[in-house]
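Chemist: Sharing a structure here in C-alpha cells format.
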Amino acid sequence: MVTGLVFLGFEVRQNTLAIEREVSISFADNIHGALADSDYLAPIVTKLMNKEGLAPEVAALIAAYDLSPLEAQRWFRFLLQNWLRHQADWIYRGRIPGDCREEIFLMSFRDNQIITEIEAVFDPEFVVCFRGGLQ
C-alpha cells in the first residue's frame, strides 16, 4: 500500500513537470515564435521599437551582425524562443546542476551570449548551470 502511494506520488510529480514543460514551450512558441515568424507582427514590433528605442539585445545583434532592425528583431525572438525551450527541458529533467552541455556549447556563439544577458527572463539556477560550465 505504501509503495503504491509512493509510486503514485512520483507519477503525479512527473506528470506535473511534463505539463509545466509543455506550458512553458507553448508560451515561448506562441509569443516569441509568432513574432519571429509573422510577416505582419514582426514589422509592427520593429516600428514600435524604433520609435520607443531598441532593446539593448536587439541593438547588440544589429551591431554584431550588421542586421536590419527587422532581421535583428526576428533573430532575437527566435533565439529567445529557443532558450526558453532549453530552460523548460532543463527544468523537466530535474534542474540538475551541470546538466547544461548543449547550452554551454551554444554560449560559444556571440548571438546566444547576447540573448542570455537578459537574465531576468531565465530561472537563476539555469543561468548558473550554463554560465558555470564556461569557467
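Chemist: At a Förster radius of 30 Å, what calculated FRET efficiency corresponds to the Cβ-Cβ distance of LEU48 and SER26, to the nearest 0.05?
Modeler: 0.80
Chemist: Between GLU119 and ASP66, what is the label-point separation in nm under the 7 Å Cα-to-beta-carbon projection?
Modeler: 3.4
Chemist: Still on this model: For GLU20, GLU103, which order do you get if you count the other beta carbons within 10 Å of each Cβ and list the fewest first?
Modeler: Ascending Cβ contact count within 10 Å gives the list GLU20, GLU103.
Chemist: Follow-up question, since we're still on this one. For a footprinting-style exposure proxy, rank GLU52, GLU71, GLU119 by other Cβ within 10 Å, fewest first.
Modeler: Ranking GLU52, GLU71, GLU119 by Cβ neighbours within 10 Å, fewest first, gives GLU52, GLU119, GLU71.
Chemist: Turning to a different aspect of this structure: Kindly put ARG74, ARG95 in sequence by how many other C-beta atoms sit within 10 Å of each C-beta, fewest to most.
Modeler: ARG95, ARG74
Taken together, the values in this text are just the output of simple stated rules run on the coordinates, not laboratory data. Remember, it's a predicted structure, so these values are computed and weren't measured experimentally. Cβ coordinates were reconstructed from backbone atoms using ideal geometry, including for glycine residues, and neighbour counts include every protein chain displayed.
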